[in-house]
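One structure is given here, and the rest of the page talks about it.
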Amino acid sequence: MHEVDMTKCLLLSMNQWRQQHSPAVPVVERVHLQVGDFTCVEPDQLLFTWRVAVENSWLDGAELAVEAVPLVGRCVRCQQTYSPAPDTAYRSPCCDHPMEEIVTGRELRIRSVDYTLES
Amino acid sequence: MHMPLEDTLGLNLLAANHHQAEHNREHFDAWQVLCLNVMSSPGAGKTSLLEQTLTALSADLAMAVLEGDMTTQLDADRLEAVGVPVVPITTGRACHLDASMVSGGLKLLQQRLDPASLDLLWVENVGNLVCPAEFEVGEHLKVALLSVTEGDDKPLKYPVMFREADCVLITKTDLLPYLPVDIARIEAHIRQVNPHCTVLRVSATNGEGLAAWHSWIRQQVSSQLASLRNPHGHNVVPQLVNA
């Protein structure tokens, strides 16, 4: 359940973001996350820990929107992009080359925050 | 009326951990100490390999260990017996070390010795092939162990760990005659997810491959020292993922 620790990191970042708006108080409607398929994060567990963590905090009611980012590799021989998969040992379908370059799929990113400001 | 607003952050989810890890690394660099983060599943042989390695290298390298363990000090006691300073970090229920736990361990270490007198600091992570792969602790390099008894599919099942590793050690090779396992397949699967890492076959029991492992360590200690003296060649500062 390292998603608990990931949620703690996320809350630290959100607290810092809140301070940037001080003295106004942002009311957060939604936090947009991008989570790559080639990470050790299970989005459902993240959503669960988020709901528990924000209860009775300034983020109570804020939704976490997780956008899954597919794993895309690029074959370094022929430059074609492809979807590496465990059952093909992540090799490129064009040249059977190992997964050398990852284009997307390693994202663990707080993309943006939707909010309103209370003065 | 409140206008709906949107802020674009483009900040890594683990930014708080990354900042602390970067802070730890700044300390290591100031002390001119190489930090290696050793990771594997439970029972792959991290502690046995470290016992052997500390014994073999302590004559010419000054070393210390931050020993991560969920609840016990058993591993720390084993390594302390070798005569190298060990700081145990019990993580409680957490299945990995994070940068702030290592920072706490460093403060305890500083009560015992001057870290600038060290050449090499080992971080033995909690046995787990999943979580430690995502939590940097400030290490310069990651070492992953995979024992031959775990099967050749593990690099494909836990690809992030093996992708992130700078060096992968295939351990317990002394057991190969008794197992229906093809070590070439293990190596091939590691190469599939990480074509450029160093892969070594080792046995802490019969000594196979340990000379190559020790020479890899010595090489990393000297290149770390060289890169600190030539900051332009220094490429180990962590990169945050930005939008």
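Hey, what number do you get for chain A at 222 nm if only DSSP H runs of n ≥ 4 count, each worth -39500 (n - 2.57), divided across all residues, to the nearest 500? Result for chain A: -8500 deg cm²/dmol, rounded to the nearest 500.
Counting only C-alpha contacts under 8 Å and six or more residues apart, can you give the relative contact order of region B:15-229 as a whole percent?
Worked out over region B:15-229, it gives 26 percent.
Cross-link pairs exceeding 22 Å between alpha carbons, from the set B:46/B:154; B:46/B:157; A:8/B:154; B:46/B:142: A:8/B:154. Near the amide H of residue A:27, within less than 5 Å, lie the amide hydrogens of A:116, A:117, A:118, all on another chain or at least 5 residues away, with H placed in the peptide plane.
Using the Kirkwood formula on the Cα atoms of the protein assembly as shown, what hydrodynamic radius do you get, in angstrom to one decimal?
One decimal place: 21.9 Å for the Kirkwood radius.
Principal-axis analysis of the Cα atoms of chain A puts helix A:43-54 at an angle of about 10° to the longest axis.
To the nearest ten degrees, helix A:2-20 and the longest principal axis of the Cα atoms of chain A are 50 degrees apart. When the alpha carbon coordinates of region B:1-96 are projected onto the principal axes, the ranges are 70, 32, 19 Å, largest first.
Sorting A:94, B:95, B:35 by the number of Cβ atoms found within 10 Å of their own Cβ, with the fewest placed first, yields A:94, B:95, B:35. Taking every full run of DSSP H in chain B, the ones that stretch at least 18 Å from end to end by Cα along their long axis and average 0.0 or higher on the Kyte-Doolittle scale are B:99-112.
The orientation-averaged projected area of the convex hull spanned by the Cα atoms of region B:121-196 comes to 5.3 nm².
The Rg/Rh ratio for chain A, using Cα coordinates for both the radius of gyration and the Kirkwood hydrodynamic radius, is 1.13. Centre-to-centre, using Cα atoms only, region B:96-123 and region A:1-60 are separated by 30 Å.
Of all DSSP bridge pairs formed entirely within the protein assembly as shown, close to 40 percent run antiparallel. Diffusion coefficient of region B:15-229 by Stokes-Einstein, Kirkwood radius over Cα pairs, 37 °C, 0.692 mPa s: 190 µm²/s. Rounded to 0.05, the FRET efficiency of the residue B:30 and residue A:85 pair, given R0 = 41 Å and the Cβ-Cβ distance, is 0.40.
Each residue, residue A:66 and residue B:182, gets one label point 7 Å from its Cα in the Cβ direction; the gap between the two is 3.6 nm.
Read the figures in this text as sums done on the coordinates, not as results from a lab. What you see is a predicted model; the values in this text were computed from it and never measured. Glycine also receives a Cβ, built like all others from the backbone with ideal geometry; neighbour counts cover every protein chain displayed.
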